[in-house]
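What follows is one structure encoded as structure tokens, with my remarks underneath.
The values are calculated or read from the model by the stated rules, or taken from the named source; none is laboratory data. This structure is a prediction, so every number in the text was calculated from the model and none was measured. Positions of Cβ are backbone-derived with ideal geometry, glycine not excepted, and every protein chain shown enters the neighbour counts. Areas reflect the complete protein model, heavy atoms only, side chains present, ligands, DNA and RNA absent. Shrake-Rupley method; radii C 1.70, N 1.55, O 1.52, S 1.80 Å.
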Amino acid sequence: MKRGSELALLLGLVVSTATCHSVPPSLPDARDRVRTWVESGAYARRLDAVVAPAQRRLDRRADAVERPALVLDIDETSLSSWSYQSDHAFCYTPESFDAWVAASTPPAIAATLELTVRRSAATWPSSS
């Protein structure tokens with residue numbers, strides 16, 4: 001048997017074995033797990049853990065470029081849509097989301113806000 005075929009067979013066995021023993025949670029169970037994860041503070045701690053290395057990299061690299069810039073995604077990177085997700089049972093529709101955006105002010109995600117404020121105040125030139 002060729003090496004590529006052996007690898008494919010082995011991978012197929014591993015994947016099929018792994019999927020046979022794990023059953024995905026039901027949608028209500030998955031919603032409960034996400035709600036617990038967020039409301040316990042574990043989600044915020046995970047965000048902090050993801051932002052920390054980004055902050056260190058920015059600290060190292062900001063002075064190495066002439067015109068530093070930070071480009072961020074908005075939803076669940078810069079602003080939290082948790083209240084929308086929770087209030088709508090994690091069911092997104094463009095209409096309900098647009099209405100939520102128009103009627104609310106989503107809070108900033110603390111770790112991302114700290115990253116941008118700290119970096120901006122530290123070394124980046126003002127836009128004026």
- Query: If one computes P(r) from the Cα atoms of segment 67-119, what percent of pairs lie at distances over 17 Å?
  - Reply: 42 percent
- Note on the structure: Ranking TRP100, TRP37, TRP82 from most to least accessible area with a 1.4 Å probe gives TRP37, TRP82, TRP100
- Task: Multiply the residue separation of ALA103 and ARG60 by 0.36 nm, subtract the distance between their alpha-carbon atoms, and state the gained length in nm to one decimal.
- Result: 11.5 nm
- With all protein chains present, segment 35-115 has a carbon and sulfur share of its accessible area (1.4 Å probe) in percent of 57 percent
- Message: 5 Å is the cut-off here: which amide hydrogens, built 1.01 Å from N in the peptide plane, fall below it relative to LEU79, excluding neighbours closer than 5 in sequence?
- Response: ILE109
- Calculated from backbone phi, Karplus (6.51, -1.76, 1.60) coupling profile of segment 104-117 in Hz, x at Gly/Pro: 9, 10, x, x, 5, 7, 3, 5, 6, 4, 4, 4, 6, 5
- Protein-only accessible surface order, largest first, of THR105, THR36 at 1.4 Å: THR105, THR36
- Which FRET efficiency value, to the nearest 0.05, do you get for ARG31 and ALA52 by plugging their Cβ-Cβ distance into 1/(1 + (r/R0)^6) with R0 = 25 Å? 0.30
- Query: Just the accessible area for ARG118, please: 1.4 Å probe, Å², rounded to the nearest 10?
  - Reply: 110 Å²
